[in-house]
Structures are given as structure tokens and as C-alpha cells.
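Taking it in order: structure first as C-alpha cells, then the write-up.
The values are calculated or read from the model by the stated rules, or taken from the named source; none is laboratory data. Because the structure is predicted, anything quoted here is derived from the model rather than measured. With ideal geometry, Cβ positions are generated from the backbone for all residues, glycine too; neighbour counts draw on all protein chains shown. Accessible surface is based on the protein model in full, side chains and every heavy atom, while ligands, DNA and RNA are left aside. Shrake-Rupley method; radii C 1.70, N 1.55, O 1.52, S 1.80 Å.
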Amino acid sequence: VQLQASGGGLVQAGGSLRLSCVVSGTIFGLTDVSWYRQAPGKQRDLVAATRSGGSANYADSVKGRFTISRDSAKLAVYLQMNSLKPEDTAVYYCNARYYQREYWGQGTQVTVSS
């Protein structure tokens, strides 16, 4: 199983970015995929998750600003991030859960300048 995350970068506060996570080696329709983030000196926290059945949930801090979506044709999960704030600065990681096993992508840096 491999997760390829991309889309991070430097953006000004109020701007937008879209992260992508391409999942290979699983049956995509049976895979739960989530985005986590980890700021320097802090623990890794859940940002948004999408279940294999299509439901989604979000951390309170990103509700109304971030949207997670799935594209089964491309085996990809996206995290659209709008109205970015400096406190969103972190390394963002893609996570997949498949048949009770957990897999991580390599992380992509998101930096929001004030």
C-alpha cells in the first residue's frame, strides 16, 4: 500500500490550497482515508476523514473552511483548504485504514504567512 501526498506550499492568510492523496495497493472503495497535520512541537492531529461509505468528519478548527472529497476514478482523496490561517501551518499527512491496518503517506508542508 502506498500513499502519495502532494499539493502543499506557501500561501498568504486567507488563501487556498488543495492537497491530494493518491492511494495504491488497496480496494479504494473499502479504504477510509484521512488527513492529519503536525505542527512543530505538537502532536499529530486529525484534520478531516472520509469513510469508504462516503461520510466525512472534520476537526472543529477547520469546519466550514476545509472540504475532504474522494475521486474513485483517480483513487484520490482531496483536501480543499480555504480561508487559511497561520495556525494551519503544519506538515499534512495522508492516512489510510484498510482491513484494520493503517498506512501513512510522506507528508506535505503547508505554510500560511500572516
Handout entry: Whole-angstrom Cα spans of the chain along principal axes, big to small
Key = 41, 26, 23
Problem - Share of carbon and sulfur in the accessible heavy-atom surface of the chain [1.4 Å probe, %] - result: 47
Handout entry: Highest average packing first - 26-38, 50-62, Cβ atoms within 10 Å
Key = 26-38, 50-62
Exercise for the section: Just report the Cα centroid separation between the stretch 28-51 and the stretch 65-105, whole Å. Expected result: 6
Fill in the blank from the handout: Toy charge model, Lys and Arg Cβ at +1, Asp and Glu Cβ at -1: the chain dipole around Cα centroid in debye, rounded to 20, equals 80
Practice task
Work out from phi, with θ = phi - 60° and the Karplus expression 6.51 cos²θ - 1.76 cosθ + 1.60, the ³J(HN,Hα) of each residue of the stretch 44-50, listed in order in whole Hz, and give x for Gly and Pro.
Solution key: 7, 10, 5, 9, 7, 9, 10
Problem - Listed peptides 71-80, 40-49 by packing density, highest first (mean Cβ within 10 Å) - result: 71-80, 40-49
Exercise for the section: Over the chain, average the accessible area per residue using a 1.4 Å probe and give it in Å², no decimals. Expected result: 53
Practice task
Can you find, among I27, S52, V62, the residue farthest towards the positive end of the dipole of the stretch 15-65? Put +1 on the C-beta of Lys and Arg, -1 on that of Asp and Glu.
Solution key: V62
Handout entry: Relative contact order (%) - criterion: Cα under 8 Å, at least six apart; region: the chain
Key = 37
Completion exercise
For K85, the lysines lying under 28 Å Cα to Cα, once residues fewer than eight places off in the same chain are dropped, come out as K42, K63
